[in-house]
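To keep things clear, I will list the structure first and then write my remarks on it.
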Number of protein chains: 2
Amino acid sequence: MRADEVDVVALDVFGTTVDWWTGITGRIAEIAAAGGVDVDAAALAGAWRDRYLPSMARVRDGERPWTPLDTLHRESLDDLLEAFGVADRFDEQPRRELVRGWYRLPAWEDVADGLERLRERFLVVALSNGGFGLLTRLTKDAGLRFDAIVSSELARTYKPDPAAYRTAVDLLGVEPARMLMVACHGWDIAGAANAGLRTAFLERPGEKGPQRVADRAADTPSDLAVRSVHELATALGC
Amino acid sequence: MRADEVDVVALDVFGTTVDWWTGITGRIAEIAAAGGVDVDAAALAGAWRDRYLPSMARVRDGERPWTPLDTLHRESLDDLLEAFGVADRFDEQPRRELVRGWYRLPAWEDVADGLERLRERFLVVALSNGGFGLLTRLTKDAGLRFDAIVSSELARTYKPDPAAYRTAVDLLGVEPARMLMVACHGWDIAGAANAGLRTAFLERPGEKGPQRVADRAADTPSDLAVRSVHELATALGC
C-alpha cells in the first residue's frame with residue numbers, strides 16, 4: 001500500500017485511540033468508593049467490555065432492532081452488577097454515571113499529535129461503534145481532533161457489519177479502497193477488509209489491562225501493522 | 001435565553017460561516033478565463049444560488065426521491081449555462097470543477113476564532129444542507145474547527161424540514177430546546193424554531209454580494225440577533 005493510494009484515514013476509538021480499560025476501571029473504582037461498595041473494579045470493567053461484542057451481534061444479526069450503544073452498555077451493566085452480587089448497592093444514579101463513563105476516557109499518549117500529522121495529508125475521521133453523541137463528547141474531552149466523527153449509528157448497525165464501513169465510505173464520497181481503517185482489534189480489521197477498505201492494525205498491548213492479552217497483528221491479515229499513530233504517520237509519509 | 005439553557009450550538013455553513021458569494025464568483029471567473037469564455041461570473045453565481053432553495057424543496061416535498069446536493073448543484077448549473085448561452089463552452093471537466101467549487105469557500109474573518117470561544121463552553125457543530133463529505137472538506141480547508149459535522153444528508157432531507165434539525169438533536173442526545181441554531185437566513189431560523197430549537201440570527205449583510213440585499217434579523221423572530229460569531233460568543237458568556 002502506497003500513501004498516495006489513500007484519501008481517508010478512519011480510526012477506531014475504544015482501545016485504538018483511547019484507553020477504555022484504565023478509564024472504566026478508574027470510574028468504577030471511584031463510584032464504588034463513593035458508595036462504600038467493595039467490588040473488583042478491574043474485573044467488572046473487563047467483564048463489561050466482554051459483553052460488548054455479543055450485545056452488538058444481536059443487533060447486527062437482526063435478533064433485535066437497532067439499539068443504541070448506551071442501552072447495550074446499560075443492559076450489560078445491570079446483568080453484571082447482579083452477577084457480581086452488588087446490584088442492591090448501585091442505584092439508578094451511579095448506574096447512569098457508569099454508562100456515562102464511556103463518554104470520558106483518556107487518549108493514548110501518541111494519538112493527539114499523531115492525528116495532527118495524519119491530518120496534514122489525509123482526511124482523518126473517527127469510525128467507531130460508539131454513538132455519535134458519545135464520540136463527539138469523548139474525542140473533544142480527550143483533545144483529539146478529527147475532521148469528522150462517523151459512527152456506526154449512522155448506518156443503524158455495528159461494525160463489523162459491512163454497512164457500517166460502507167456508510168462511512170458513501171458519506172465521505174471516497175472509493176472503499178481509498179479509505180484506510182486503523183484498529184487494534186482483529187474483528188474490526190477483518191470487517192473493514194471484507195468491506196473493501198485498506199487496513200492498518202495498530203497494536204495496543206495494554207488495551208485489556210495488565211492481566212489480559214490484547215489482539216495481535218500477527219493473527220489477522222492487514223495491509224500494515226504499527227504500534228502507534230506516529231508510526232502510522234511515518235509509514236504513510238506524513 | 002440564558003447561556004446555561006444551551007448545551008449545543010449548531011451553525012449553518014453557506015453564508016453563515018463561509019462567504020459562498022466571493023468563493024463561487026471567483027471560481028466561475030477563474031474557470032471561465034481559463035477556457036477563454038466571457039460570462040458574468042457574479043450574475044451566474046447569484047443565479048446558481050437562487051436555484052438552491054427550489055431544488056431542495058422538490059426533495060423535501062417528496063416530488064423526487066433523496067438527491068444529494070452535489071447532484072442538485074450540477075443540474076442547476078447545467079440549466080444555467082444554457083440560460084446564459086455558454087453551454088457549449090463548458091465541457092464535463094469544468095462543470096465538475098464548478099460543482100466542486102462549493103467544497104472550498106473562504107470563511108468570514110470572525111468565524112475561526114469565534115468557534116474556539118464557543119467550543120470552550122458548548123458542543124459546537126456544523127448543521128448544513130451541504131453533503132457530509134462536502135462539509136468535512138470545506139470546514140477543514142477553511143480552518144474551522146467544529147466538534148462534529150452534521151449534515152441534513154444524515155436525515156435524507158433538507159432544512160427547513162423539521163427532520164433535519166431533529167436528526168441532529170437525536171444524534172447529539174440533547175433536548176431540542178437546548179440546541180441553539182445559528183444562521184443568516186430567515187427560512188433556517190424559522191425552520192429551527194419550528195423544530196423546537198432556540199435560534200440566533202447571525203446577520204451577514206454581504207452574503208449575496210454587493211448588489212443584493214441579504215436576509216435581515218428584523219424580518220424573522222429569533223431568540224438572539226448578532227452580527228458576528230464573536231458577538232454571539234460574548235452574548236453567551238464565553
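Here are some notes:
- Between the beta carbons of B:Arg2 and B:Arg227, assuming R0 = 22 Å, the FRET efficiency works out to 0.60 to the nearest 0.05.
- Taking 0.36 nm per residue of separation and subtracting the current Cα-Cα distance, fully stretching the chain between A:Val86 and A:Asp38 would add 16.4 nm.
- Placing a pseudo-label 7 Å from each Cα along the Cα-to-Cβ vector at B:Leu53 and A:Glu63 gives an inter-label distance of 5.2 nm.
- Of B:Ala112, B:Ala190, B:Ala218, the one that fluctuates the most in a GNM where chain B has Cα springs shorter than 10 Å: B:Ala218
- Loop-resident trypsin sites (Lys or Arg not before Pro) (DSSP state other than H, G, I, E or B) in segment B:180-223 with no more than 15 further Cβ atoms inside 10 Å of their Cβ: B:Arg212, B:Arg216.
- Here the protein assembly as shown carries DSSP beta bridges of which approximately 5% are antiparallel, counting only pairs with both residues inside.
- Note on segment B:120-179 and segment B:1-77: Cα centroid distance 16 Å, given to the nearest whole angstrom.
- Choice from B:Asp110, B:Asp38, B:Asp223 with maximal GNM fluctuation in chain B (Cα, 10 Å cutoff): B:Asp38
- Theoretical FRET efficiency, 1/(1+(r/R0)^6), r = Cβ-Cβ of B:Gln211 and A:Glu120, R0 45 Å, to 0.05: 0.70
- Principal-axis tilt of helix B:162-172 within chain B, Cα atoms, nearest 10 degrees: 60 degrees
- Computed about its Cα centre, the charge dipole of the protein assembly as shown is approximately 80 debye, with only Lys, Arg, Asp and Glu carrying charge at their Cβ.
- Rounded to 5, percent antiparallel among DSSP beta bridges of chain B: 5 percent
- Set of lysines near A:Lys140 by C-alpha distance (under 28 Å), chain-local residues within fewer than 8 positions excluded: A:Lys159, A:Lys208, B:Lys140, B:Lys159
- With protein chains left intact and a 1.4 Å probe, residues in the protein assembly as shown average 40 Å² of accessible area per residue.
The values are calculated or read from the model by the stated rules, or taken from the named source; none is laboratory data. Computed from a predicted model, the values in this text were never measured in an experiment. Note that we place each Cβ from the backbone using ideal geometry, even for glycine, and neighbour counts take in every protein chain shown. Quick note on the areas: whole protein, heavy atoms, side chains included, nothing else; ligands and nucleic acids left out. Shrake-Rupley method; radii C 1.70, N 1.55, O 1.52, S 1.80 Å.
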